[in-house]
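Below is one structure, written out as C-alpha cells; comments come after it.
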Amino acid sequence: MYFYNKNQRLSPVWTVHTFLARQFDGVPIGGREGQLKWFNVDALPFDEMWEDDQYWYRLALDGTRFDGWFYFSGEFEKLIDHKIEVKSLPSQIES
C-alpha cells in the first residue's frame, strides 16, 4: 500500500506491506503507535484506527492480494481519496 500526504500524488511517504497470521504464540508488545490489543474481527474499533483501514482490512483478512493508494490532506489528517486494485494470484509453475 502507498500512502501520500499534503495532497500530493507523486511519491509516497510510506510504502506498507501487510502480512496475515492465523496463529500467534507469545506476548504482543506495543510501540510508538500505542499498546496492542486483541479485538473480535467483527467488532474492530474503526474510530480508533487509521481512516484507511476500513477500506482494506477485509481484503487482507480474506487473504486477497491487493495494492492500495491512500491520499491524505496535511500530515495524514484526513483521507481525501483512495484506490484499491485487487490482484490475481500468481499462476503456479508446473513441473
Normalised contact order of the chain, rounded percent, pairs of Cα under 8 Å and 6 or more residues apart:
33 percent
At 222 nm, what helix-only mean residue ellipticity would the chain give, in deg cm²/dmol to the nearest 500, using -39500 (n - 2.57) for each DSSP H run of four or more?
-2500 deg cm²/dmol
Viscosity 1.002 mPa s, temperature 20 °C: give me the Stokes-Einstein translational D for the chain in µm²/s, with Rh taken as the Kirkwood radius over C-alpha pairs.
138 µm²/s
Extending each Cα 7 Å along its Cβ direction at ILE29 and TRP50, get the distance between those two points in nm, one decimal.
2.2 nm
Cβ-derived FRET efficiency at R0 22 Å, THR18 paired with SER88, nearest 0.05:
0.80
Coil-residue chymotrypsin sites (Phe, Trp or Tyr not before Pro) of segment 1-76, DSSP, other Cβ within 10 Å capped at 11
PHE19, PHE24, TRP38, PHE39
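Every number in this text was worked out from the coordinates using simple rules, so none of it is lab data. Note that this is a predicted model, so its numbers are computed, not measured. Cβ sites come from the backbone with ideal geometry, for glycine too, and all protein chains shown count toward neighbours.
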